[in-house]
Amino acid sequence: MKDDGFLDLFDKPEPEPDIKVLSVTQLTRKIRNLLELKIGSVTLEGEISNLRKQRSGHVYFTLKDTGAQVSCVLFRSDANRVRIDLKDGIEIQLKGEISVYEPRGQYQIIGRSVQAVGQGALQVKFDALKQKLHGEGLFDPESKLPIPKFPRTICLVTSPTGAAVRDMLNILARRAPWVRVLIWPVRVQGDSAAGEIASAVEQVADPAAIGLPQIDTLVVTRGGGSLEDLWPFNEEIVARAIHACPIPTVSAVGHEIDFTISDFTADLRAPTPSAAAELIVPDGADLSARVEGLSKSLDWHAENTLRHWETILDHTARSALTREPLRVLDEFEQDLDHLEAELVSRAEAQLKGYERELREADHALQLCHPGGKLERQWQAIALVGEKFEAAFRRQFAAQEARLDHTATAFRALGPESIFARGFSATTDAEGKLVTSPEEAPSGMRLTTYVQKGTIESTVD
């Protein structure tokens, strides 16, 4: 029996577990959620291939290395912020989130930012130098020099063959043709560019020593480019040369979104070379219009001033002072007489006012004199004494009348008046009044009070 039971246990087929059936979409979504939650944001480095830029603005490409590849997409808003020229064959660093494109069931990277390989290290170097120079005070606003409003000589430290310098020369010639422009040619990218730029700034700082005229404004400039192209303007030797330059210096490097260390150390940062040309010189057409307006205003004011003085001269020529000077003097004397009379009248009124004030002050002094105050006090005391004496007399008379009335009543109600009418009073030996026979037992000694004395007796 035991053996049969043992065999039955192993021969019995196990029940199949419940199997949940997923759709392809459900499976793909689970994989997508798993990747997004478990991996999330990533930074990849690789080579671009199969690049496609769609009319929608989205950019699709494959990022690969020697062992694998992954599909990537940059949506329009993120692609517009990319500052490098994306093309097949270049190596980049891509920051983004891992996800799954469900219609094809393939995983992809949704890119958020792109930079060329090596730019990460350059950015770290940029930030470190920026923090160092800021700590030394090279960026302090107090050290900035004002840019001259009307320069006569400008020096451009730049490449003489670049498009930036041509644009600047055109703008300067159009706005301020009277300004002398000197170009100090230097390399603006490459390994030796930083040394050339720094050397040029140091030499321009003392133009007389190299036979140049006095320079009013110095511009260190170049057109746009990648971070590597603009890097010479992030070198420490260039930053220190610009900061030490005694000539007001403008930094105009790259596009508006580009910032270099030279921008922070210069006295003024221009967003572009063309903007620098606009900023460092006035507009000649505006100046001509202003000068013309000022000239017209000056003519108008001069004519008005001349007419005003002509009117005054004409009035003076026709006035009594010119025709009858003695009559004018008589009028002045008459005015003096009136002023004198008015002065005397005011003086007399002032004196009367002072006299009135003196009388009032004397009266107040008399009232405050100690003798007068003492006499008034004695009078007050005498009056109080009289009132007190009269009150005392009235009170005394009233008390005397009340006393007489009381005495009369006392005599009328007292024992003497009772005894006089024939009544008597009897007391025991202890002086207790006896009012009934029961209170006087036999043998008690009694005292009877009558009008003219007492009677001693014993009860039988």
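The table that follows gives values for the structure above.
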read-out	value
Identity of the residue in segment 424-435, modelled with pLDDT of 85 or more and polar (S, T, N, Q), that ends up farthest from the chain's Cα centre (by Cα)	THR426
Residues of segment 425-458 that turn out to be in a strand (DSSP E or B) and among the acidic types (Asp, Glu), as a count	1
Counted residues, segment 120-143 - those being of a type outside the set (Asp, Glu) and more than 21 Å from ASP258 (Cα to Cα)	3
Criterion violated by PHE139 - all others in (1) aromatic (Phe, Trp, Tyr); (2) out of contact with any helix residue (DSSP H, G or I) (no Cβ under 8 Å at 6 or more places or on another chain); (3) modelled with pLDDT of 90 or more satisfied	(2)
Residues satisfying the stated conditions in segment 182-237, i.e. part of a loop (DSSP other than H, G, I, E, B), charged (D, E, K, R), under 46 Å from the mean Cα position of the chain (by Cα) and under 30 Å from PHE150 (Cα atoms)	ASP206, ASP216
Count - residues of segment 436-454 that are exposed (fewer than 12 other Cβ atoms within 10 Å of the Cβ) and at pLDDT below 80	1
Residue check for SER226: outside the structural domain of ALA163 (by TED's automatic domain parsing) and either farther than 23 Å from GLN203 by Cβ or in contact with a helix residue (DSSP H, G or I) (Cβ under 6 Å, 6 or more places away or on another chain) (or both)	no
Qualifying residues in segment 206-235 (those that are of a type in the set (A, V, I, L, M) and buried (at least 18 other Cβ atoms within 10 Å of the Cβ)) - the one nearest to LYS125 (Cα to Cα)	LEU227
Any chance GLY46 is at pLDDT 90 or above, farther than 16 Å from LYS87 by Cβ and in the same structural domain as ARG112 (by TED's automatic domain parsing)	no
Meets criteria (within 20 Å of GLY162 (Cα to Cα) and either touching a residue at least 40 places away in the same chain (Cβ under 8 Å) or out of contact with any strand residue (DSSP E or B) (no Cβ under 9 Å at 6 or more places or on another chain) (or both)) for LEU182	no
Which listed residue is touching a residue at least 24 places away in the same chain (Cβ under 8 Å), aromatic (Phe, Trp, Tyr) and assigned by TED's automatic domain parsing to the domain that holds ALA252, from PHE75, PHE150	PHE150
Qualifying position, being over 18 Å from ASP283 (Cα atoms) and aliphatic (A, V, I, L, M), among ILE171, ILE183, ILE154	ILE183
Residue within segment 150-172 that is within 41 Å of the chain's Cα centre (by Cα) and loosely packed, with under 14 Cβ neighbours inside 10 Å present	yes
Which listed residue, of VAL250, VAL238, is buried (at least 24 other Cβ atoms within 10 Å of the Cβ), among the β-branched types (Val, Ile, Thr) and touching a Pro at 6+ places or on another chain (Cβ under 8 Å)	VAL238
Matching residues in segment 385-424 - criterion: being assigned to a loop (DSSP other than H, G, I, E, B) and touching a strand residue (DSSP E or B) at 6+ places or on another chain (Cβ under 7 Å)	SER424
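The values are calculated or read from the model by the stated rules, or taken from the named source; none is laboratory data. A quick note: this is a predicted structure, and the numbers were derived from the prediction, not measured. Ideal geometry is used to build each Cβ from the backbone, glycine not excepted, and the neighbour counts take in all protein chains shown.
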